[in-house]
Each structure stands twice: as C-alpha cells, then as structure tokens.
Amino acid sequence: MSLAVDRNLRRTEVAEAAYDIVATQGLDMLTIRAVAKAKGCSTAIVSHYFADRQDLLSAVYRLASERTFTRWKTVEAAGGDLCACLREVLPTDTDMRQYWRVYFSFWGRVGMDPELGSIHSEMLERSKANVRRIIARDPLFSRFEGIDPESVIRQILALHAGIATQAAISETYWPADQQIADLESGLAKLLAVG
C-alpha cells in the first residue's frame with residue numbers, strides 16, 4: 001500500500017472516530033484529545049492527520065455526507081425509485097439516526113462558518129441532483145408540464161428533511177414505519193396530478 005493511500009485511510013479512520021463522538025456525545029465533545037482517546041492513540045497522531053479542530057469538523061461533516069450519498073446510490077443503482085431512495089436515508093435505523101444527529105449538530109455552525117457552509121451547499125446540490133436524476137428518468141414526472149421542476153425538488157427535499165428532523169428528535173413519536181408511511185403519503189400528495 002502506498003504512503004498516500006495509507007495516509008488517506010488513516011485520516012478516514014480518525015474522522016470516523018470523530019464522527020462517532022459527534023453522533024453519540026454531540027459536537028461540543030469533539031476535541032483532538034477525545035478523538036485520540038477513542039482511537040487509543042496520542043493527540044500527536046490525530047494532529048498529524050488534522051491540522052486543528054476545524055479541519056476535523058470539516059472532515060466529519062464530509063464523512064456524514066458521503067455515508068448518506070453512498071446509501072442513496074446503492075438503492076438507486078439497484079433500480080430504486082424516488083421513494084425508495086428517500087426512505088433509505090430517513091432515520092429508520094441506527095446508522096441513519098446517527099447521521100441525522102451528526103447533521104443536526106452542525107446546523108448552528110453552517111450559517112456562520114464559510115467552510116462548513118460550503119460543504120453544506122455541496123450536500124444540498126448533490127441532494128437536488130439525486131432527485132433531479134431520478135425525476136428525469138421516470139415517465140411519471142413527464143406529466144408536470146408548466147411546473148418548475150426545481151420547485152418540486154425543493155418541496156420533496158423539504159418533506160424528507162421535515163420527517164427526518166422530527167424522527168431524529170423523537171424516535172418514539174415518529175418510529176420507522178410512521179416515517180415511511182408519512183413519506184409515501186406526502187410524496188403521493190405532492191406528486192398527484194391536479
């Protein structure tokens with residue numbers, strides 16, 4: 001294994017430990033020292049891969065994004081429709097509940113931190129592109145003549161994020177089966193032919 005690959009692998013492993021801290025303890029608990037403790041290594045090792053906490057924060061936010069897009073791509077590649085792809089990234093299992101906890105942990109910073117804001121913008125554009133790609137290949141959506149597709153995409157993402165937000169906050173109020181039922185119902189209403 002080359003040194004560059006090994007460095008990238010090690011950096012990812014450290015970022016994963018940081019991700020787990022944010023998912024289970026919150027963003028305020030993320031420190032170089034906490035990551036070193038979780039990895040069973042020195043702070044010097046963590047600092048070797050991340051210049052500072054800001055660098056680590058950015059890596060965690062990007063890792064969260066990549067984990068979610070990987071799940072979406074897997075379902076889409078298997079022929080999943082829009083609803084199946086959106087269901088895959090709802091907080092209906094442990095991994096996705098952790099993702100949404102990490103994602104929400106960054107909300108207070110995204111609007112004030114240019115680097116995190118840029119990552120968030122990339123995530124949003126990728127999400128819109130994912131929905132746009134599925135809509136483009138589905139003959140069902142060809143009936144929406146005269147309707148701004150970007151508006152429909154924003155509404156779909158808002159529906160999804162609204163369900164995910166509430167479900168991540170209160171798992172007992174919005175369990176997996178209810179999330180899926182509400183997503184399906186909301187999409188049906190949103191995409192109904194008028």
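Over the chain, what is the relative contact order in whole percent, taking alpha-carbon pairs under 8 Å and six or more residues apart? Let's see the in-between values first.
On the way: 154 pairs, mean separation 38.0, N = 194.
Worked out over the chain, it gives 20 percent.
Between D81 and A44, the distance separating the two model label sites (each 7 Å from Cα on the Cα→Cβ line) works out to 5.9 nm. Which of T74, T92, T172 moves the most in a Gaussian network model of the chain with Cα springs under 10 Å? With Cα springs under 10 Å in the chain, the top fluctuation among T74, T92, T172 is at T172.
What's the carbon and sulfur percent of the chain's accessible surface, probe 1.4 angstrom, rounded to a whole number? The partial results should precede the final answer.
On the way: 5750 of 10340 Å².
Result for the chain: 56 percent of the exposed heavy-atom area is carbon or sulfur.
The label-point distance for R10 and K37, in a model that sets each label 7 Å from Cα toward Cβ, rounds to 2.3 nm.
Taken along the Cα-to-beta-carbon direction at a fixed 7 Å, the label points for E66 and E122 span 1.0 nm.
When peptides 13-19, 33-39 are sorted by average Cβ neighbour count within 10 Å, with the highest value leading, the order is 13-19, 33-39. Dipole check for the chain: with +1 at the C-beta of Lys and Arg, -1 at the C-beta of Asp and Glu, and the Cα centre as origin, the magnitude is about 340 Debye.
Would you work out the relative contact order for segment 13-72, in percent, from Cα pairs under 8 angstrom that are 6 or more residues apart?
Values: 43 pairs, mean separation 21.7, N = 60.
It comes to 36 percent, rounded to a whole number.
A Förster distance of 35 Å, applied to the separation of the beta-carbon atoms of A136 and T94, puts the FRET efficiency at 0.60. Cα gyration tensor of segment 72-193, axes a ≥ b ≥ c as square roots of the eigenvalues: rounded (a/c below 1.5), prolate (a/b > b/c) or oblate? It comes out oblate by the Cα gyration axes. With the charge dipole of the chain set up from +1 on Lys and Arg Cβ and -1 on Asp and Glu Cβ about the Cα centre, the Cα lying farthest toward the positive end among the listed residues T68, L57, G111 is that of L57.
Using a Gaussian network for the chain with springs between C-alpha atoms less than 10 Å apart, which of these wobbles most: A77, A167, A129? For the chain, modelled as a Gaussian network with Cα springs under 10 Å, the answer is A77.
Annotation note: chymotrypsin sites (Phe, Trp or Tyr not before Pro) in segment 91-179 located in DSSP loop regions with a Cβ neighbour count of at most 16 within 10 Å are F144, Y173. For the pair D177 and D52, a Förster radius of 30 Å applied to the C-beta separation gives a FRET efficiency near 0.10, rounded to the nearest 0.05.
Taking Cβ atoms as reference points and 15 Å as the exclusive limit, the residues near E184 contribute a net charge of -2, counting Lys and Arg as +1 and Asp and Glu as -1.
The values are calculated or read from the model by the stated rules, or taken from the named source; none is laboratory data. For clarity, every value in this text was computed on a predicted model and none was experimentally measured. For neighbour counting, all protein chains shown are included, and Cβ atoms are generated from backbone atoms with ideal geometry for every residue, glycine included. With ligands, DNA and RNA removed, areas are computed over all heavy atoms of the protein, side chains included. Shrake-Rupley method; radii C 1.70, N 1.55, O 1.52, S 1.80 Å.
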